[in-house]
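A quick write-up on the structure given underneath.
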Amino acid sequence: MKVTLVSRSGREFIKGGLELNDSATVADLQEAIHKRTKKFYPSRQRLTLPVPSGSRERPVILNYKKSLKDYCDGNENTLTIVFKDLGPQVSYRTLFFFEYLGPLILYPVFYYFPVYKYFGYEEKRVIHPVQTYALYYWCFHYFKRIMETFFIHRFSHATSPLSNVFRNCAYYWTFGSYIAYYVNHPLYTPVSDLQMKIGFGFGIVCQLANFYCHIILKNLRSPDGSGGYQIPRGFLFNIVTCANYTTEIYQWLGFNIATQTVAGYVFLVVATSIMTNWALAKHRRLKKVFFFYLSNY
Amino acid sequence: MASALTVLRRLYLSIYNWLVFIGWFQVLFLALKALKESGHEHVYNAVEKPLLLAQSAAVMEILHGLIGLVRSPVSSTLPQIGSRLYLTWGILWSFPEIRTHILVTSLVISWAITEIIRYSFFGMKEAFGFAPSWHLWLSRYSTFLVLYPTGISSEVGLIYFALPYIKASEKYCFRMPNKWNFSFDYFYAAILALGIYVPGSPHLYHYMLGQRKRALSKSKKE
């Protein structure tokens, strides 16, 4: 069949269009586009069905697994597809790795090296036990995240724009340094021993719970990332839709109870608001897809 | 019922815009008068009262946006008003040593002309219901071409030249140790503010250029 490719302005994107098998899938089309244009690898391509001008409907995005025939209604021999370049893409694995690497490396710098000399403080300082435990807790947390990224999480086909690498790294690396600066400060004031134990204890429990949540989510998908969209069940997912975010938020709360810095609490508030937005969106999406999805709220 | 509210809204906004317009007109007038009679070192003292008043009144605009009285998004008014208040109260009012700098004159004049045009434009729209003639409207989208660079350079320059006074005075600083392990250094915050101007200014200018292009092409069609 003949596929005509246009850009969003209506101009023909590939002169003369592309010729494909009648049984070809969208993935085959993506490959063909890539071969022809060299620059636009499949994850950069956003392929949609044309929307009649004036219509306010959201365009239908082509699913890479479906066959092209599914999108032709009527004429089986021609198809017009709208192409948009999403810009350079990175896999989520790559994105997460660089986001998490920053905090993992930068935090110990504030603990081990005489960084505060450059802020005008004397070199000699007393290290409180809580500061050492905080270092272990923090580094374990980000080490866990990196391990999960490579061995637990099953990512769908999705990629992220390259610009997100800079944005996300700025977020994690800046906050990581901001918190590390205060927790390891020579003038740091520790909380009581009991408060520290409660904080870290609670935090560790939440991190373990969070790990288990990730296991549950992983089992919803097959190893190649397919399995589509499913309702997570069991454990805390019976109470909240995004139990993984819940446990993550509470884990940070534990860290802050133990270390007590304004910087840490600011980070907690920001992270919570971001994850809350994600959770609300996911909950709404699940309700739309599985309109019999019952929830407690 | 609805139309009574509309009338009230227009009355309130007309009064608001014209009052602030008068404030900024005073600022421009007194600034030029002081410049001519006494020199640039005395401009701040001459304009201080109307400047503090007119600039602080702009906080109302955030409220107007939040309660839906006007259509402007809070996301764009907030940084603009934020930077104005920072310069007005956080630099000029807080550090008297900077008030005699010549950049105060360029700052105040740039701001005043911009605001006079803006408030009279909205004042006329609310009071008389129509957008002013093509000319006046054009000046709203053209004067910024000069006034944004002069205004922003003055803002950046004043923050920069105030840095030694900020550092020496230790004003607005909160030090450690304390039980919340928190500190705030106004000097470093000022440097951060300067840093924000670097990407922020071209972004804002670019945005205004886009607005201008849109507005002028729209008028061509009419």
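The values are calculated or read from the model by the stated rules, or taken from the named source; none is laboratory data. Keep in mind it's a predicted model, so treat the numbers as computed, not measured. Backbone-built Cβ (ideal geometry, glycine too); neighbour counts: all protein chains shown. Areas reflect the complete protein model, heavy atoms only, side chains present, ligands, DNA and RNA absent. Shrake-Rupley method; radii C 1.70, N 1.55, O 1.52, S 1.80 Å.
Residue count for region A:194-208 under the criterion of being without any contact (Cβ under 8 Å) to a residue 60 or more places away in the chain and surrounded by 19 or more Cβ atoms within 10 Å (Cβ to Cβ): the result is 1. In a helix (DSSP H, G or I), open to solvent by 60 Å² or more (accessible area, probe 1.4 Å) and aromatic (F, W, Y), is that true of B:Y172? In short, no. All of (1) surrounded by fewer than 14 Cβ atoms within 10 Å (Cβ to Cβ); (2) away from chain A (no Cβ under 14 Å); (3) outside any helix (DSSP H, G or I) hold for B:N178 with one exception: (2). Within the set A:Y182, A:Y178, A:Y188, A:Y171, the sole residue that is within 22 Å of A:V269 (Cα to Cα) and more than 14 Å from chain B (Cβ to nearest Cβ) turns out to be A:Y171. Contact annotation: residue pairs with Cβ atoms under 6 Å, 6 or more positions apart or on different chains, pairing a residue in region B:49-70 that is over 17 Å from B:I91 (Cβ atoms) with a partner that is among the polar types (S, T, N, Q) and loosely packed, with under 15 Cβ neighbours inside 10 Å, are B:G65/B:S72. Of the set (1) out of contact with any Cys (no Cβ under 7 Å at 6 or more places or on another chain); (2) assigned to a helix (DSSP H, G or I); (3) away from every other protein chain (no Cβ under 14 Å), all apply to A:N244 but (1). Within the option set B:L35, B:L66, B:L19, B:L53, being open to solvent by less than 80 Å² (accessible area, probe 1.4 Å) and not hydroxyl-bearing (S, T, Y) holds for one residue only, B:L35.
Using the structure shown, decide if A:V191 is aliphatic (A, V, I, L, M) and open to solvent by less than 10 Å² (accessible area, probe 1.4 Å).
Spelling it out, it is not the case that A:V191 is aliphatic (A, V, I, L, M) and open to solvent by less than 10 Å² (accessible area, probe 1.4 Å).
Could you list, in sequence order, all residues of region A:172-191 that are in contact (Cβ under 8 Å) with a residue 60 or more places away in the chain and part of a helix (DSSP H, G or I)? A:Y172, A:W173, A:F175, A:G176, A:S177, A:Y178, A:I179, A:A180, A:Y181, A:Y182, A:V183 - these are the residues of region A:172-191 that are in contact (Cβ under 8 Å) with a residue 60 or more places away in the chain and part of a helix (DSSP H, G or I).
Within the option set B:I196, B:I152, being in a helix (DSSP H, G or I) and in contact with a Ser or Thr (Cβ under 6 Å, 6 or more places away or on another chain) holds for one residue only, B:I152.
Note on region A:11-67: among residues that are part of a loop (DSSP other than H, G, I, E, B) and either acidic (D, E) or touching a His at 6+ places or on another chain (Cβ under 7 Å) (or both), the one that is most open to solvent (accessible area, probe 1.4 Å) is A:E57.
Look through region A:248-266, keep the residues that are more than 18 Å from B:M176 (Cα to Cα) and open to solvent by 10 Å² or more (accessible area, probe 1.4 Å), and return whichever of them is farthest from the other protein chains (Cβ to nearest Cβ). Only one residue fits best here, namely A:E248.
Between A:N277, A:N244, which is exposed (fewer than 12 other Cβ atoms within 10 Å of the Cβ), at pLDDT 95 or above and either under 19 Å from the mean Cα position of the chain (by Cα) or not assigned by TED's automatic domain parsing to the domain that holds A:F140 (or both)? Within the list A:N277, A:N244, the selection yields A:N277.
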